Amino acid sequence: MKQLSIKKIALYGFGAVITTFIIAIVAAIFYVHEIEMLEKESSFYEKSYNSLFEFKYYTERLLTTENLKAEMVLWSNSKDNFDNYFKAIQHNKEINYEDFVTFWHVIDDESKKIEIKLQNTLFDKSNTQERALLRRLGEGLNTNKSSDYYLALSDLKNSIDYIKQYEEFLLDELKVIKSQKISHIFDQIKKAKKSGIIFISIFMFLSFSILYYVVSLIAKVEEKLINSLEDLKISNDETELLNSEILENYEKTLFALVDILEERDTYTGGHSQRVAKYSVRIAQEMGYGKKELEKIYQAGMLHDIGKMNIPDSILLKPGKLDDVEYVLIKSHAQNGYKFLKQIPMYLELANIIHFHHERYDGKGYPAGKKGDEIDIISYILSVADAFDAMTTSRIYKGRKNIEEALLEIEKYSGTQFHPEVVKATIKVLKDTTIDVNISQLPTNILEMERFSYFYKDKVSGVFNEQYLDLILTKQCHEQKTVYIDVFFMSNFNQYNINYGWSEGSKLLAEFAQYLKNSLKDALVFRVHGDDFIVLHQQETPIEKSFYTKLDFMKETLVTIHHKRVQTADKNICNFKELELLL
């Protein structure tokens, strides 16, 4: 065998080194390029997912924004942004995108319909808090459900709800696609890295310098990959923050609705907060943890939210309800359930609130469930709700003190109330403090005007017999002395015959106004058509000239007679008992 010359050996060796160096450089460049392309592809799917999430976010805002035109631009831009990603994804045939493409076409078609609906001139009006809430909820605050605006808004909400549903489907589908692609990309990265290391190791003995260079490139690529993963983590954190803000806005909106609901009535004002507070104290005694207590507090705050659909004429009625009215007021449990179950995060609360008027023996409503058929938290709300109702004054029924209320709850343990809840309630609420000033009676002029819906006489502008009956009942329960002045009109029927009913009504109104202006600290009532009763808390002297020398009564042939009644030594608890003394 012919020996190779040193020159040839050097040439072959140098050629091998050069060849190895070139191959190593080419391999390293190919490896870096491959990793960069995989990183770009990974980033593309992450950005496409975030773009779709942003489009869903602006879709939800269409019902809550106070500047619909500006929001339409943001919504449309976010849709166009994702549409660019969709077109790129659609042309990639490596994964089955059939459902993904179908969902987006449904969303695209429905979005075009929404764009047309948003051109409705009804949406150009100035927004108010009520309208913003109505956009959120779709129904409940607008009593005129046949109005053009309501119908347009309802139609818009239906379309938005429909598109939101498909956006959820599309997000889930894209999440799967993203996960598959990123997993596939990471596998490719691992394979490329492994192949590169093996390949470079084979030629390592030929050139340590080439090997060092390749290792440096690998380190650089790995660093870029770590940075890319950190950016991905930051993006995920931002997405979670956005989700958290959306959930917080949901809760603030619902609690604001509770405030609005309770501001409709002086009696119910603060009721939800008190029920929530009592429920948490009972649950603490029963051993519930922090997360459960937060859920119980939310349930207490929202337990009466279904009363949004109850008409004011029933919800604000200070007196007892008739059978039909009682059926309507009972529907608030079902109303609250239907409303809250539409929000995924409140589904569990919806079930709790649904049954907070059920009884342990199965005689409650709306479903007649009993015993362990419902969550014990519903029983906690039931006891807290009953305790607050019993310890709060109403016109037709005085409040119970704490001891009386707890005895009542203990009496119905095992029938109306859950026995375990009753034990905890008696233990923790026996030392609680009750606000004795809460009442259905009006405390200011605005509340007095609200009462006029039920108790004001339309002709004279003073209160009617029904309100007099309720006031006498309350004074009797509180054992307060009331001074009563009765003014009888004689010959009033003849005045009506001579001058007509219209003039008679004017005369009644004028005399009623005279009594109100002259006796400012008293309550004035019209009874029996042409008689007036005045209630004083303190004795007020009435001179004969007060009612006999009135200019507007001259030449009317109508005369006024007066009688004073004092309740200190008389048991007058209603209007019928007062009539017996007149």
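Computed quantities for the displayed model
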read-out: Centre separation in Å (Cα based) which lies between the stretch 357-381 and the stretch 401-425; value: 15 Å
read-out: Order of 413, 183 - criterion: other Cβ atoms within 10 Å of each residue's Cβ, fewest first; value: 183, 413
read-out: Cα-based Rg of the stretch 456-579 normalised by 2.2 N^0.38 Å, two decimals; value: 1.07
read-out: Over 24 Å between alpha carbons, listed pairs 320/363; 370/423; 320/430; 47/157; 290/423; 69/341; value: 320/430; 47/157; 69/341
read-out: Qualifying trypsin sites (Lys or Arg not before Pro) for the stretch 482-531 [loop in DSSP, other Cβ within 10 Å: at most 16]; value: 520
read-out: Residue order, fewest to most beta carbons within 10 Å, for 323, 161, 435; value: 323, 435, 161
read-out: Candidates per trypsin sites (Lys or Arg not before Pro) in the stretch 279-363, loop by DSSP, up to 13 other Cβ within 10 Å; value: 320, 363
read-out: Neighbourhood charge, 11 Å Cβ-Cβ cut-off, centred on residue 581 and excluding it, Lys, Arg +1 and Asp, Glu -1; value: +2
read-out: Net +/- balance of residues flanking residue 532 in space, Cβ distance below 13 Å, scoring K and R +1, D and E -1; value: -3
read-out: Taking 418, 562, 356, 536 and counting other C-beta atoms within 10 Å, the order from fewest to most; value: 562, 536, 418, 356
read-out: Cross-link pairs 307/520; 178/291; 56/112; 87/190 - those with Cα-Cα distance over 25 Å; value: 307/520; 178/291; 87/190
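Quick note: the coordinates plus some simple rules give every number you see, no bench work behind them. Just so we're clear, the structure is a prediction, and the values are computed from it rather than from any experiment. FYI the Cβ positions are ideal-geometry reconstructions off the backbone, even for glycines, and counts take in every protein chain you see.
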